[in-house]
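Beneath this line is the structure, given in structure tokens, with notes to follow.
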Amino acid sequence: PEDCAVFQCRGCWAVLGDSLHLCAQEERRLGLLVCFKVTNDVVWEDSLMIGLEGTLLGCAYNALSCRSCGLIVGFILISAPSDLAYLRGFFSFFKDSILCYLLKNQMIIEASKVTFPAVTLKE
């Protein structure tokens, strides 16, 4: 429980997920927290998006948004180059779009300032 956190929407503070379902962190290129399960407050678009520039260039994905306020909070990667392939099919939250409520300290902090124990899907 020391490292447990609840992930909340930056726009309205709706609960989107938690660190118990955290399965990867991607820091270098995209700044993501990756989960295998999310709450019902996360919705994804049926239409497929294609990255035309930046770090998602050539990737196909479904955008994730907050059901309460509509803020885009991440994506589900459908197709990607080999260096991002390990993220396919999971819920990837942009750290810049979410806040973390740390259970131990009972405080809210920006996700970009939180370091969780190492978890990875790459192995």
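Within region 93-107, which residues are over 20 Å from ALA24 (Cβ atoms) and either in contact with a strand residue (DSSP E or B) (Cβ under 8 Å, 6 or more places away or on another chain) or touching a residue at least 24 places away in the same chain (Cβ under 8 Å) (or both)? Residues satisfying the conditions are TYR101, LEU103, LYS104, MET107. For region 98-105, the count of residues that are more than 12 Å from PHE7 (Cα to Cα), buried (at least 19 other Cβ atoms within 10 Å of the Cβ) and not small (Gly, Ala, Ser) is zero. Residues that are touching a helix residue (DSSP H, G or I) at 6+ places or on another chain (Cβ under 7 Å), within 21 Å of MET107 (Cβ to Cβ), assigned to a loop (DSSP other than H, G, I, E, B) and of a type in the set (D, E, K, R) do not occur anywhere in region 19-38. Filtering region 39-51 to residues that are within 21 Å of GLU110 (Cα to Cα) and polar (S, T, N, Q) leaves only THR39.
For region 43-84, taking the residues that are under 26 Å from VAL15 (Cβ atoms) and among the acidic types (Asp, Glu), the one that is surrounded by the most Cβ atoms within 10 Å (Cβ to Cβ) is identified as GLU45. Within the option set GLY74, GLY70, GLY11, being assigned to a loop (DSSP other than H, G, I, E, B) and in contact with a Leu (Cβ under 7 Å, 6 or more places away or on another chain) holds for one residue only, GLY11.
Against the numbered list (1) under 23 Å from ILE108 (Cβ atoms); (2) surrounded by fewer than 15 Cβ atoms within 10 Å (Cβ to Cβ); (3) small (Gly, Ala, Ser), GLY89 comes up short only at (1).
Across region 22-40, the qualifying residues are those that are open to solvent by 50 Å² or more (accessible area, probe 1.4 Å) and out of contact with any His (no Cβ under 9 Å at 6 or more places or on another chain), and the one among them that is farthest from PRO81 (Cα to Cα) is ASN40. Within region 27-62, the set of residues being modelled with pLDDT of 90 or more and under 11 Å from SER97 (Cβ atoms) comprises LEU32, LEU33.
The values are calculated or read from the model by the stated rules, or taken from the named source; none is laboratory data. Since this is a predicted model, take the numbers as computed values, not measurements. Ideal geometry is used to build each Cβ from the backbone, glycine not excepted, and the neighbour counts take in all protein chains shown. Note: accessible area is taken over every heavy atom of the protein model, side chains too, but ligands, DNA and RNA are not part of it. Shrake-Rupley method; radii C 1.70, N 1.55, O 1.52, S 1.80 Å.
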